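Each remark here refers to the structure printed beneath this line.
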Amino acid sequence: QVQLVESGGGLVQAGGSLRLSCAVSGSIFSRNAMGWYRQGPGRQRELVAMISTGGGTYLANSVKGRFTISRDNAKNTVYLQMNSLKSEDTALYYCNTNPPVTVYWGQGTQVTVSP
């Protein structure tokens, strides 16, 4: 059974940092690109960052220079290091494959950035 569990969110002041983790159970991790997605208040869910099986990365323009995505294939875990956080980064953050699979969406982890 495939399960993706996000953690590491919290409340942080603007300019601060957080590191999100996503532990993936099942056999999907090594065969798939992985992505971090977010859904802010009143907004649609969007792709924030993606990492391929080979380690190539994509970052949305809004987070370039501030966020870094990485993966540990031995631990079946994908990370999102978030620095210089802004209030507009406030959102529920999810991980999923890229492209995403509907049944893989988890509960997400809330990131709240205070001014």
For Gly26, are the conditions met, namely being of a type outside the set (D, E, K, R) and either open to solvent by less than 80 Å² (accessible area, probe 1.4 Å) or at pLDDT below 95 (or both)? yes
Reported set for the stretch 8-18 where residues are loosely packed, with under 14 Cβ neighbours inside 10 Å and assigned to a strand (DSSP E or B) is Gly10, Leu11, Gln13
Result of the Cβ filter at 8 Å on the stretch 63-77, keeping first residues that are at negative phi and touching a residue at least 40 places away in the same chain (Cβ under 8 Å) and partners that are open to solvent by less than 50 Å² (accessible area, probe 1.4 Å) and of a type in the set (Lys, Arg), at least 6 apart or interchain, is Thr77/Arg71
Any chance Gly106 is among the small types (Gly, Ala, Ser), modelled with pLDDT of 95 or more and out of contact with any Gly (no Cβ under 8 Å at 6 or more places or on another chain):
no
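Can you tell which of Arg43, Arg38 is among the charged types (D, E, K, R), within 18 Å of Ser87 (Cβ to Cβ) and not in a loop (DSSP other than H, G, I, E, B)? Steps first, please.
On the way: Arg43 fails: not in a loop (DSSP other than H, G, I, E, B).
Sole residue among the options that is among the charged types (D, E, K, R), within 18 Å of Ser87 (Cβ to Cβ) and not in a loop (DSSP other than H, G, I, E, B): Arg38.
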Of those in the stretch 61-77 that are over 19 Å from Cys22 (Cα atoms) and of a type outside the set (D, E, K, R), the residue least open to solvent (accessible area, probe 1.4 Å) is Ser62
Scanning the stretch 78-115 for residues that are surrounded by 14 or more Cβ atoms within 10 Å (Cβ to Cβ), free of Cβ contacts under 8 Å to residues at least 60 places away in the same chain and assigned to a helix (DSSP H, G or I) gives Asp89
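The values are calculated or read from the model by the stated rules, or taken from the named source; none is laboratory data. Just so we're clear, the structure is a prediction, and the values are computed from it rather than from any experiment. FYI the Cβ positions are ideal-geometry reconstructions off the backbone, even for glycines, and counts take in every protein chain you see. For accessibility, only protein heavy atoms count, side chains too; no ligands or nucleic acids. Shrake-Rupley method; radii C 1.70, N 1.55, O 1.52, S 1.80 Å.
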